[in-house]
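Everything below concerns the one structure shown next.
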Amino acid sequence: MDIITTARHTELTPEIREHAEKRLRKLERYVSDLQEVHLIINKEKYRHVAEVTLRAKGTNIVSSDESSDLLTSIDRVVDRVERQVKKIRARLKDRGKARRQSSRRVMTSAEPGFVEEEEPVDEVQEDESYPPVVVPRQEIFRTEPTTVSKAVDELRLQEEDVLLFRNEKTGVVSLVYMRPDGNVGFAEAL
C-alpha cells in the first residue's frame with residue numbers, strides 16, 4: 001500500500017507524518033487489495049482540514065474532517081474511513097452468508113429440467129471444425145433481488161470477475177462484470 005501525504009499551507013512535521021501513516025496502515029487489515037491512500041492536510045485560518053482518499057481494487061472512498069487541531073482532524077477522518085470500510089465489508093459479508101444459507105442446489109440427471117448429455121445431431125455437426133457443446137450440469141441459485149450499486153459493491157469484494165443477479169428495479173436478470181480497464185460493465189436481459 002502506498003501512502004501519499006500532501007500538506008498545503010502548513011509544515012508537516014515527521015511526528016505528524018508518522019502518526020498519520022501509523023493510523024492509515026491499520027486500514028490494511030480491513031481491505032486486502034488496498035492500492036493507495038492519499039492524505040491531504042490543509043490549513044485554513046484557524047482550522048485544519050484532513051482529507052483521505054482510499055483506492056482499492058475498483059473502490060474509492062473519500063472522507064474529510066476539520067477541526068482546530070491537526071491531530072484531531074487526522075484521527076477523525078481515519079475513523080470515518082474505517083467505519084465506511086467496515087460498513088461495506090459487513091454488508092457484503094451478511095449478503096454472502098444469506099446467499100450461502102439460501103437454497104442452492106445442483107441438478108442431477110434424475111431431476112426434471114436437467115440438460116442431458118446427448119449425442120450430437122448430424123444436422124448440427126455439419127462443420128467438423130467446431131466440436132459440439134455439451135452441458136454436463138446446471139446450477140440453480142436463488143437470490144434476493146438487489147440494486148445495481150449493491151451488486152457492484154459485492155463484485156468488487158469477490159474474487160470473480162462476473163456477477164449475475166436479479167435487478168430489484170426492473171425484475172430482470174442483469175450482469176455486472178469487471179472490464180480489463182478496471183471499470184465495471186453492466187448488461188441486462190431484455
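For this structure, a couple of remarks:
- Per-region count, the stretch 159-182, residues surrounded by fewer than 18 Cβ atoms within 10 Å (Cβ to Cβ) and in contact (Cβ under 8 Å) with a residue 40 or more places away in the chain: 1
- Filtered by the rule that a residue be out of contact with any Leu (no Cβ under 9 Å at 6 or more places or on another chain), at pLDDT below 70 and within 30 Å of Lys87 (Cβ to Cβ), the stretch 114-151 gives no residues.
- Of all residues in the stretch 45-63 being farther than 22 Å from Glu15 by Cβ and of a type outside the set (Val, Ile, Thr), the one that is modelled with the lowest pLDDT: Gly58
- Against the conditions (1) touching a residue at least 40 places away in the same chain (Cβ under 8 Å); (2) within 30 Å of Thr146 (Cβ to Cβ); (3) surrounded by fewer than 14 Cβ atoms within 10 Å (Cβ to Cβ), Arg83 satisfies every one except (1).
- Residue list for the stretch 1-32, filter: in a loop (DSSP other than H, G, I, E, B), exposed (fewer than 13 other Cβ atoms within 10 Å of the Cβ) and either of a type outside the set (Ser, Thr, Tyr) or modelled with pLDDT of 90 or more (or both): His9, Glu11, Thr13
- All positions within the stretch 36-57 that are loosely packed, with under 13 Cβ neighbours inside 10 Å and part of a strand (DSSP E or B): Glu44
- Of all residues in the stretch 58-82, those that are under 18 Å from the mean Cα position of the chain (by Cα) and part of a loop (DSSP other than H, G, I, E, B) total 1.
The values are calculated or read from the model by the stated rules, or taken from the named source; none is laboratory data. Here the structure is a predicted model, which means the values were calculated and not measured. In this analysis, Cβ positions are derived from the backbone assuming ideal geometry, glycine residues included, and neighbour counts consider all displayed protein chains.
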